[in-house]
1. From Leu293, Leu286, Leu326, which residue is outside any helix (DSSP H, G or I), touching a Lys or Arg at 6+ places or on another chain (Cβ under 8 Å) and surrounded by 13 or more Cβ atoms within 10 Å (Cβ to Cβ)?
2. Would you check if Ala187 is under 14 Å from His317 (Cβ atoms) and not assigned by TED's automatic domain parsing to the domain that holds Glu22?
3. Scan region 222-238 and give yes if some residue there is small (Gly, Ala, Ser) and over 30 Å from Gln24 (Cβ atoms), otherwise no.
4. What tally of residues in region 173-218 results from selecting those that are surrounded by 23 or more Cβ atoms within 10 Å (Cβ to Cβ) and either charged (D, E, K, R) or not in a helix (DSSP H, G or I) (or both)?
5. Looking at region 170-224, which of its residues are of a type in the set (Phe, Trp, Tyr) and out of contact with any Asp or Glu (no Cβ under 9 Å at 6 or more places or on another chain)?
6. Looking at this structure, is Ile205 more than 23 Å from Glu301 (Cα to Cα) and not hydroxyl-bearing (Ser, Thr, Tyr)?
7. For region 85-104, how many residues are exposed (fewer than 15 other Cβ atoms within 10 Å of the Cβ) and over 25 Å from His137 (Cβ atoms)?
Amino acid sequence: MSNQRPVADPRPIYIEDPSQVEAQLALGRELITGPVETLYLIGCGGSLGAYGPAEYVLANQVPGLVVQAMTSNEFNYRVPARLGPKSIVVVASHTGTTPETVAAIATARKAGAAQVVALTQSAESPLAKGADIAFTHEPVKAAWDAKEVAILRIAQGIREAAGVLADPGPVNAAFAALPTAIPEALASADPALHSMAEALADEPIIYLLGSGPLECVARGLSMCYLQEMLWKHSAAYNSGEFFHGAFEVATEDVGFIVFAGEDETRPMADRAISFLKRYTPKLHILDSRDLALDGVTARNEIIPIVMSAVSTRIAQHFEAVLDHDLATRRYMFTVEY
């Protein structure tokens, strides 16, 4: 395309603060050994999506804990019946100023929640100041989301104390490998990601599919990047739910992106890919198995983080191909809503 701009440099890597990691692990261990029965993960947009992998692993591995991720105003307006003294509420917002998420602190307090934990970038934000404990990170747009890492570390502590993660060594090694593994993965994937962006740039709509811990990654690429930042019509579906209605729109002139991971729900992605290969040449696959991640043995622990970074990188390629700055907004932060 003649109007392409240069592709932006990959976003900087996020380095965990060892003291915060230990505090996050400790919080998780304390949480599961106390009287807590429910864990609510509250946020909006990308912050809500950042909970997906942790919610997935906890729901699959820790039977004594009910975990529910909710968009903030859903939590505020239809206060869950289980919310109370045996609940921990985690609230996440990049800026720490999202009104609905700040209000969720009051909702949790009114119901008598045992503790409110904030994940945000600024210790001086309303979200951090209103919570019992806050985990903060530098205010930079990194290749992957610091909040996603923080909640996964809390989840790791829960799993350790619950006895379902007997040896945390491989998990810790996988997280330690991220600052090297992700830049290498993005560099190797860059040519394919650019070709994908070029192939889909002029499509009137792009559908995305994901399952398990990658469903939130597909939804994030659709809503936060393609719709919000690039103004491209898009929709995301669970790879299994796709076959219960949405697959009727699959024709030779419709574009699809399918996220395929390495967790228990991989057969759902394979089924969707097999079907779409029969009906559209505009199928594009983002498969974690194509990423080397040298030296990482506990791949499943970090695949969602890596694929989140991949989704951010393909957004940068769309930005270049479409000559449309990712920072441009029609409404967000510009008008009353």
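The values are calculated or read from the model by the stated rules, or taken from the named source; none is laboratory data. Not measured: the values here are computed from a predicted model. Using ideal geometry, Cβ is built from the backbone for each residue, glycine included, and neighbour counts are taken over all protein chains shown.
1. Leu293
2. When the stated conditions are applied, Ala187 passes them.
3. Looking through region 222-238, at least one residue is small (Gly, Ala, Ser) and over 30 Å from Gln24 (Cβ atoms).
4. The qualifying residues number 7.
5. Tyr207 - this is the single residue of region 170-224 that is of a type in the set (Phe, Trp, Tyr) and out of contact with any Asp or Glu (no Cβ under 9 Å at 6 or more places or on another chain).
6. Yes: the conditions hold for Ile205.
7. Selection size over region 85-104: 1.
Let's see how each residue does on (1) buried (at least 17 other Cβ atoms within 10 Å of the Cβ); (2) over 20 Å from Glu301 (Cβ atoms); (3) without any contact (Cβ under 8 Å) to a residue 60 or more places away in the chain; (4) charged (D, E, K, R):
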residue: Ile42; (1), (2), (3), (4): yes, yes, no, no
residue: Tyr56; (1), (2), (3), (4): yes, no, no, no
residue: Val67; (1), (2), (3), (4): yes, no, yes, no
residue: Arg78; (1), (2), (3), (4): no, yes, yes, yes
residue: Arg82; (1), (2), (3), (4): no, yes, yes, yes
